[in-house]
Amino acid sequence: MSSYKLFHGLEAWEYIILAEQNDQPARTEEVLATPNNTLPKTSNQDSSQQSLFDNMPDCDEMDPNVKQGIELANKVEVKYRPVFESLPPTKRAALAWYFLPHRSKKATIGVTRPRILKWYCPFANQNDFPSGHRYCINVYAGCGHQCEYCYAAGYEPEQPHCKKDFERGLLHDLANLEKHNVPPAPVHLSNSTDPFQPIEQTVGQTLFSLRQILNHRHRFTSVVLLTKNPSIALQSKYLDILQQLSVLDNNHPAKEQFRKNNLPGLRLEISLAFWRQEPCQAFDVDAPSVEDRIQAIRQLSSEGIPIVLRIDPLLPRNPLPNNRSLSDFHLPQTQTLQDLEQLVNLAAEIKALHIVYSVAKIIQPRFKPISTTMKNLKSVYEYIAQPDRLIFRGGSWRLPSHIAQQQIIDPFLNICQKHRIKAFFCKQNLVNTP
Ligand code: SF4
């Protein structure tokens, strides 16, 4: 098993760092495909050789606005082409008007036009990773939860803050969706921050975003939120909106597709990797406690909110090879098989849509030295990887894939299988969200 190459040799981390350095959205979690979780390939495997005008009606017959939009689309960088090519001319032109700069003199152009409501994976080659047309709103910069394994620490500021002109930028982008009649697509809050982190209580940018998404519901299919602080969602002003977003009304363009496949309009992805507070305290430093999260998960489920449980990240567990223990490396017992069983049980109890997982990486933070906890975890990784060495790429160390698969992932998947609950690697979860 080798780790999943995302974008022309780039793996997730490299992409994430590259993305954020360019002020573009990145992903929240790392990717490691399993044999059963291989991502689908697009049918068009050689789009670089094709023109966007292939199979098009005679351009003279087209509406001039569509014709100009198609001309714009024809300049889009090769890596985005499968998304544009999958759409009929009118929708293709709409996407071009929304995502591509209108007056660029460059021969090829990227998806850089939106300010806040951005292309989900701007560095993904859509032949290698077909994430498709979808949006990401990073509601804040940075995160107050300070998780030890957070990859965003590799490029985001240490202290969370609001983005300049966030609300104005979002309204501007939404107006453009309407102006160009862009077809609906999934929207994700957020990839590099937690939309329900403490700052939300005073600033309310996530609430503002949700209200605006609701106002423009016909422009979005799945609305996805990822958080470690689900209790905020129980406040009536959030709960009301989340419940409304969960249901597509009869006039929604995707209503029939969602009804036929029994899909909810909203997914609240709640991250809970630990069943006991001791490891949670060590790794999810300033995030809400295990107890708070479990309580909120149960209440949200009883309120009818569709939940995805993210048991994420997965970590090494005792016993380590040759009967060594995590305590030998000054770490608490992280995720026993019993802990994982309890977490999977919780997912089954609340009828979670499915589970999402990935394996922790050892991040080199951008603005501070690596913490003692993560240094200790790195020593564990080096120990269990023997005789192989850790792989360092894109600012993080990770286990060789076959070690991660055998020692960390497979025992977890066995538990999920026993409880008959689906578990998706994080990126597969993404492509399964229409
Ligand atoms: S909740 Fe944790 S992992 Fe997620 S963005 Fe915040 S600090 Fe990073």
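The values are calculated or read from the model by the stated rules, or taken from the named source; none is laboratory data. Keep in mind that what you see is a predicted model, and the values were worked out from it rather than measured. For neighbour counting, all protein chains shown are included, and Cβ atoms are generated from backbone atoms with ideal geometry for every residue, glycine included.
Considering only residues that are within 16 Å of the ligand (Cβ to nearest atom) and over 20 Å from Gln205 (Cβ atoms), which ones fall in region 126-154?
Cys147, Glu148, Tyr149, Tyr151, Ala153, Gly154
Any idea which residue in region 42-56 is modelled with the lowest pLDDT, counting only those that are more than 31 Å from the chain's Cα centre (by Cα) and surrounded by 11 or more Cβ atoms within 10 Å (Cβ to Cβ)?
Phe53
Go through Asp292, Asp286 for me and flag whichever is surrounded by fewer than 16 Cβ atoms within 10 Å (Cβ to Cβ), of a type in the set (D, E, K, R), more than 18 Å from the chain's Cα centre (by Cα) and in a loop (DSSP other than H, G, I, E, B).
Only one candidate qualifies: Asp286.
Under 6 Å by Cβ, and 6 or more places apart or on different chains, what pairs join a residue from region 133-159 that is on the phi < 0 side of the Ramachandran plot and modelled with pLDDT under 85 with one that is of a type in the set (Lys, Arg) and more than 10 Å from the ligand (Cβ to nearest atom)?
Final answer for the pair search is Gly154/Arg366; Tyr155/Arg366.
Kindly indicate whether Gln417 is surrounded by fewer than 16 Cβ atoms within 10 Å (Cβ to Cβ), free of Cβ contacts under 8 Å to residues at least 40 places away in the same chain and within 19 Å of Pro321 (Cβ to Cβ).
No: the conditions fail for Gln417.
Taking region 222-251 only, how many residues are among the β-branched types (Val, Ile, Thr) and either surrounded by fewer than 17 Cβ atoms within 10 Å (Cβ to Cβ) or within 16 Å of the ligand (Cβ to nearest atom) (or both)?
Summing the residues that are among the β-branched types (Val, Ile, Thr) and either surrounded by fewer than 17 Cβ atoms within 10 Å (Cβ to Cβ) or within 16 Å of the ligand (Cβ to nearest atom) (or both) in region 222-251 gives 4.
So in region 298-312, with the set limited to residues that are of a type outside the set (D, E, K, R) and under 22 Å from Gln428 (Cβ atoms), which one is farthest from the chain's Cα centre (by Cα)?
The extreme case among them is Pro306.
Every residue in region 382-418 that is more than 26 Å from Ala152 (Cα to Cα), among the acidic types (Asp, Glu) and assigned to a helix (DSSP H, G or I), please.
Within region 382-418, Asp410 is the sole residue that qualifies.
Okay, residues lined up against (1) buried (at least 18 other Cβ atoms within 10 Å of the Cβ); (2) aromatic (Phe, Trp, Tyr); (3) closer than 20 Å to Ser271 by Cα; (4) in contact with a helix residue (DSSP H, G or I) (Cβ under 8 Å, 6 or more places away or on another chain):
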| position | (1), (2), (3), (4) |
| --- | --- |
| Thr334 | yes, no, yes, yes |
| Gln338 | no, no, yes, no |
| Ala348 | no, no, yes, no |
| Tyr357 | yes, yes, yes, yes |
| Arg366 | no, no, no, yes |
| Ile370 | no, no, no, yes |
| Met374 | yes, no, yes, no |
| Arg389 | no, no, no, yes |
| His402 | no, no, no, no |
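Which of the residues belonging to region 264-303 are touching a Pro at 6+ places or on another chain (Cβ under 7 Å) and either more than 14 Å from the ligand (Cβ to nearest atom) or free of Cβ contacts under 8 Å to residues at least 60 places away in the same chain (or both)?
Once the filter is applied, which keeps residues that are touching a Pro at 6+ places or on another chain (Cβ under 7 Å) and either more than 14 Å from the ligand (Cβ to nearest atom) or free of Cβ contacts under 8 Å to residues at least 60 places away in the same chain (or both), region 264-303 yields Pro264, Leu266, Arg267, Leu268, Ile270, Glu278, Pro279, Ala296, Ile297, Leu300.
Inside region 86-113, can you point out the residues that are in a helix (DSSP H, G or I) and either hydroxyl-bearing (Ser, Thr, Tyr) or over 26 Å from the mean Cα position of the chain (by Cα) (or both)?
Pro89, Thr90, Ala93, Tyr98
Does Pro316 satisfy being within 19 Å of Ser401 (Cα to Cα) and surrounded by 22 or more Cβ atoms within 10 Å (Cβ to Cβ)?
yes
Quick one: what pairs do we get from region 173-198, first residue within 12 Å of the ligand (Cβ to nearest atom), second among the aliphatic types (A, V, I, L, M) and not in a loop (DSSP other than H, G, I, E, B), C-beta under 6 Å, 6+ apart or different chains?
Close Cβ pairs satisfying both conditions: Leu189/Leu225; Ser192/Ala152; Pro195/Leu189; Pro195/Leu225; Phe196/Ile232.
Condition test on Arg103, is it surrounded by fewer than 18 Cβ atoms within 10 Å (Cβ to Cβ) and either free of Cβ contacts under 8 Å to residues at least 24 places away in the same chain or away from the ligand (no atom under 16 Å from the Cβ) (or both)?
In short, yes.
Condition first: of a type in the set (D, E, K, R) and farther than 26 Å from Ala273 by Cα. Can you find one or more residues in region 129-150 that meet it?
yes
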